[in-house]
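Below is one structure, written out as structure tokens; the observations come after it.
The values are calculated or read from the model by the stated rules, or taken from the named source; none is laboratory data. It should be emphasised that the depicted structure is a prediction, and the values quoted were computed from it without experimental measurement. Virtual Cβ from ideal backbone geometry, glycine too; neighbours counted across all protein chains shown.
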Amino acid sequence: MNPSAPIGVFDSGVGGLSVLRAIRAALPYENLCYVADSGHVPYGTKPPEYLQQRSLTLTRFLLSQNVKAIVVACNTATVAAVADLRATFPIPIIAIEPAVKPAVLATQTGVVGVIATATTLASQQFLSLLERFGSGVTILTQACPHLVRQVEKGDLTSVVTRALIQKYTKPILMAGADMLVLGCTHYPFLRPLLDEVVGANVTLLDTGAAVTRQLSNILAVQNLLNPSQLPGREEFWTSGEIKQAQSVFATLWGEAVNLQPLPPAFA
């Protein structure tokens, strides 16, 4: 496999840009291909079979771009499809999971909150996380069915978004949590508002850095790190409506991007 080939990343929508941002910061010479499946968002309310089909389709598209590894930058897609992806495709596939372990290790109050999609929280993988790392602490979970939509719209600061965050986090805060795990890659874009709502005594944890470390280690072991010393390029696709997505991508990525429509065979 060609070390100068790009890394593929996909998510249910724009949330995975938070992971892509971490990858870009840590691996400045890597070329990146990102797919937002915004035409099918949200994943959190879809049945597992649907998510498996979409994940297979998006992986096939990224393979058509000759990627050397794929990051599934979506907790919901990970729990529904990553086993199938790894059984079907021979390239490295890096999954994501909520940061329960570091939250449990760091808590001082013994209470940890986890916000995520309903599908993630109900999955066997998440229940396994709780079994492995949750002993001796109280872990409170909260499904947040509307937050993904707010991020997809680029609505990060409105009264509506604030009210949703207050509603979802109130039971967790009332119970004394000092750690809040962001179990969806869309949620890091709400960090400023989350910080305001939950206060300085609550630490927010996401998985962008951990996934990037795992990706870096896998590429290094397989001699797939790009040897180039030139800044890597990014390419962006979406299955959603281009005009609205262009503005949201620019807001979340921090600069204008050349956003392309996903070809009809994959959309």
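Quick look at the values:
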| item | result |
| --- | --- |
| Only one of Ala77, Ala87, Ala83 that is of a type in the set (A, V, I, L, M, F, W, C), assigned to a helix (DSSP H, G or I) and closer than 18 Å to Thr212 by Cα | Ala77 |
| Residues of segment 107-127 satisfying the condition of being at pLDDT 95 or above and either over 26 Å from Leu164 (Cβ atoms) or basic (Lys, Arg) (or both) | Gln108, Gly110 |
| Per-region count, segment 220-247, residues out of contact with any helix residue (DSSP H, G or I) (no Cβ under 7 Å at 6 or more places or on another chain) and closer than 16 Å to Glu152 by Cβ | 7 |
| Enumeration of residues in segment 87-109 that are surrounded by fewer than 17 Cβ atoms within 10 Å (Cβ to Cβ), without any contact (Cβ under 8 Å) to a residue 60 or more places away in the chain and either hydrophobic (A, V, I, L, M, F, W, C) or at positive phi (or both) | Ala87, Phe89, Leu105 |
| Flag if Lys170 is loosely packed, with under 13 Cβ neighbours inside 10 Å, part of a helix (DSSP H, G or I) and either charged (D, E, K, R) or in the same structural domain as Gln65 (by TED's automatic domain parsing) (or both) | no |
| Scope segment 136-151; condition assigned to a strand (DSSP E or B) and either touching a helix residue (DSSP H, G or I) at 6+ places or on another chain (Cβ under 8 Å) or buried (at least 18 other Cβ atoms within 10 Å of the Cβ) (or both); matching residues | Ile139, Leu140, Thr141, Gln142, Ala143 |
